[in-house]
Amino acid sequence: MNPLNWISEELEKLESQHLRRIPTVRHGPQTLEINLDGRSCINFGANDYLGLANDVGICRTVMEAIAEYGWSSGASASLTGRSSQHDKLEKALAKFEGTDAALVFPTGYAANVGTLTSLAGRGDVIFSDEKNHASLIDGCRLSRADIQIYPHVDMDFLRNQLRDTSQYRRKLIVTDGLFSMDGDVAPLPDLVALAEQYEAILIVDEAHATGVLGSLGRGACEAMGVEDRVAVRTGNFSKAFGSIGGFVTGSEPLIRWLYNRARSQVFSTALPAAACTATLAALQNVEHEPYRRRELLERAQWLRTKISAQGWELPAGNDHIIPVIVGQATDALALSQSLLSRGIYVPAIRPPTVAPGESRLRISLSYLHREEHCEALVDQLGRCKAASTSSQ
């Protein structure tokens, strides 16, 4: 008897519900026009918001770094894995973010899980937005603290939850800064006020906002003027920075504590030094080329207006993540496949990434997208809309 026979049955269930994910192969670099399983298409699926993932200058810097430092770090940061490039990156990141210190993690997922499990435990409570990223959700669960979920950005509900918390040792509020599937920004001024009123630790994940939002590109907290009132900010380098890795910024004691207690930091091999070098180069782009984020957000607003005018359902937002709500998983898949057949890749997002009945296309806009690329997307979405209407 095969003890894993049940897996085939569960996969069949996923297939019947249109929720099974089939691996695809991208041939060539992550750039504006990609080849997926032999099909060329305009890429609206990557999180390369500033167009740095395949930047020629950064790639050259990485090759030079590999020649100098090699590739693998070979050990955790607490052993011999922390290179001079890690040290430079953490210092540069703290300066960029306007905080006392910063800590680099292997991934953004590791940064969130490590932070939450280090700051909360039994006897504590975490208040979490229902649409937070999976890494925050998993960090909450692994912390063993009590978890209270509040409806998406519902501050009245959260306020009522916070009123009766005297039995807890510590209280944490955790939220995405910019929600990755809805493209809306958390009500950070309200969250800051509630955290201060109820003496809670506010943790904001800036993964999709860092490099794009705010006049300096520091994220949603900067854009909403609350940076100095947020105790813990997390993020990653795999979106706007076009690199890999995660980070936490905050006070010196916070960073020292995480370096000692975050299991995803202590028990993971450190990032390659070359990856840190790539991020340092990308950070310079973010600091010295603000036109990238300005043009990106201007184009996003234009695209939102055009798509909304066609009758598609879009959540409120003004940024570079543009969700087109479809409803059922099968319909989202069909729409994505229809666009792909027309040379445009926009991924279908289905449960468990989003709630049942909220399947969607997720348009990830990049600085590299030019007007003609966006016009092609609008045109093909319009044709799909017309075809769908005529068939009803």
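The values are calculated or read from the model by the stated rules, or taken from the named source; none is laboratory data. Everything numeric in this text was worked out from a predicted model, so none of it was measured. Glycine also receives a Cβ, built like all others from the backbone with ideal geometry; neighbour counts cover every protein chain displayed.
Meeting the requirement of 2 or more residues that are surrounded by fewer than 18 Cβ atoms within 10 Å (Cβ to Cβ), the strands (runs of 3 or more DSSP E) wholly within segment 1-105 are 33-36, 39-43.
Of everything in segment 362-386, what is in a loop (DSSP other than H, G, I, E, B) and of a type outside the set (A, V, I, L, M, F, W, C)? Give them in sequence order.
366, 367, 369, 370
One line per residue, one yes/no per condition, for (1) at pLDDT 95 or above; (2) more than 29 Å from residue 358 (Cβ to Cβ); (3) of a type in the set (S, T, N, Q):
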| site | (1), (2), (3) |
| --- | --- |
| 125 | yes, no, no |
| 154 | yes, no, no |
| 161 | yes, no, yes |
| 170 | yes, yes, no |
| 174 | yes, no, no |
| 191 | yes, no, no |
| 196 | yes, yes, no |
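For segment 92-114, the criterion of a residue being among the hydroxyl-bearing types (Ser, Thr, Tyr), in contact with a helix residue (DSSP H, G or I) (Cβ under 6 Å, 6 or more places away or on another chain) and closer than 23 Å to residue 249 by Cα is satisfied by at least one position.
Contact map, segment 163-174: first residue charged (D, E, K, R), second residue surrounded by 10 or more Cβ atoms within 10 Å (Cβ to Cβ), Cβ cut-off under 6 Å, separation 6 or more or different chains; pairs are 169/123; 169/124; 170/124; 171/125; 171/165; 171/200. Since residue 137 meets every condition but one in (1) buried (at least 19 other Cβ atoms within 10 Å of the Cβ); (2) touching a helix residue (DSSP H, G or I) at 6+ places or on another chain (Cβ under 8 Å), which condition does it not meet? Tallying (1) buried (at least 19 other Cβ atoms within 10 Å of the Cβ); (2) touching a helix residue (DSSP H, G or I) at 6+ places or on another chain (Cβ under 8 Å), residue 137 fails exactly one: (2). Any residue in segment 344-361 that is of a type in the set (A, V, I, L, M), at pLDDT 95 or above and in a loop (DSSP other than H, G, I, E, B)? Within segment 344-361, one or more residues are of a type in the set (A, V, I, L, M), at pLDDT 95 or above and in a loop (DSSP other than H, G, I, E, B).
Sub-9 Å Cβ pairs linking a first residue in segment 301-313 that is touching a residue at least 60 places away in the same chain (Cβ under 8 Å) to a second residue that is among the β-branched types (Val, Ile, Thr) and in a helix (DSSP H, G or I), at least 6 apart or interchain, are 303/378; 306/378; 307/378; 310/378; 311/389, ordered by first then second residue. So, residue 314, is that one within 22 Å of the chain's Cα centre (by Cα), surrounded by fewer than 23 Cβ atoms within 10 Å (Cβ to Cβ) and not polar (S, T, N, Q) or not? Taking the combined requirement at face value, the residue satisfies it. Criterion applied to 318, 285 was being touching a residue at least 12 places away in the same chain (Cβ under 8 Å), among the polar types (S, T, N, Q) and in a loop (DSSP other than H, G, I, E, B), and the one residue passing it is 318. Within segment 139-151, one or more residues are closer than 18 Å to residue 192 by Cα and assigned to a loop (DSSP other than H, G, I, E, B). Of all residues in segment 335-392, those satisfying the criterion of being among the aliphatic types (A, V, I, L, M), over 30 Å from residue 217 (Cα atoms) and either outside the structural domain of residue 43 (by TED's automatic domain parsing) or crowded, with 16+ Cβ neighbours inside 10 Å (or both) are 335, 339, 340, 381. Looking only at segment 279-287, decide whether some residue is at pLDDT 95 or above and surrounded by fewer than 18 Cβ atoms within 10 Å (Cβ to Cβ). Scanning segment 279-287 turns up at least one residue that is at pLDDT 95 or above and surrounded by fewer than 18 Cβ atoms within 10 Å (Cβ to Cβ).
Would you pick out the residues in segment 147-172 that are of a type in the set (Ser, Thr, Tyr), under 26 Å from the mean Cα position of the chain (by Cα) and surrounded by fewer than 17 Cβ atoms within 10 Å (Cβ to Cβ)? Give the steps one after another, and end with the answer.
Quick first cut of segment 147-172, residues of a type in the set (Ser, Thr, Tyr) only: 150, 165-166, 168.
Next cut, under 26 Å from the mean Cα position of the chain (by Cα) only: 150.
Of everything in segment 147-172, nothing turns out to be of a type in the set (Ser, Thr, Tyr), under 26 Å from the mean Cα position of the chain (by Cα) and surrounded by fewer than 17 Cβ atoms within 10 Å (Cβ to Cβ).
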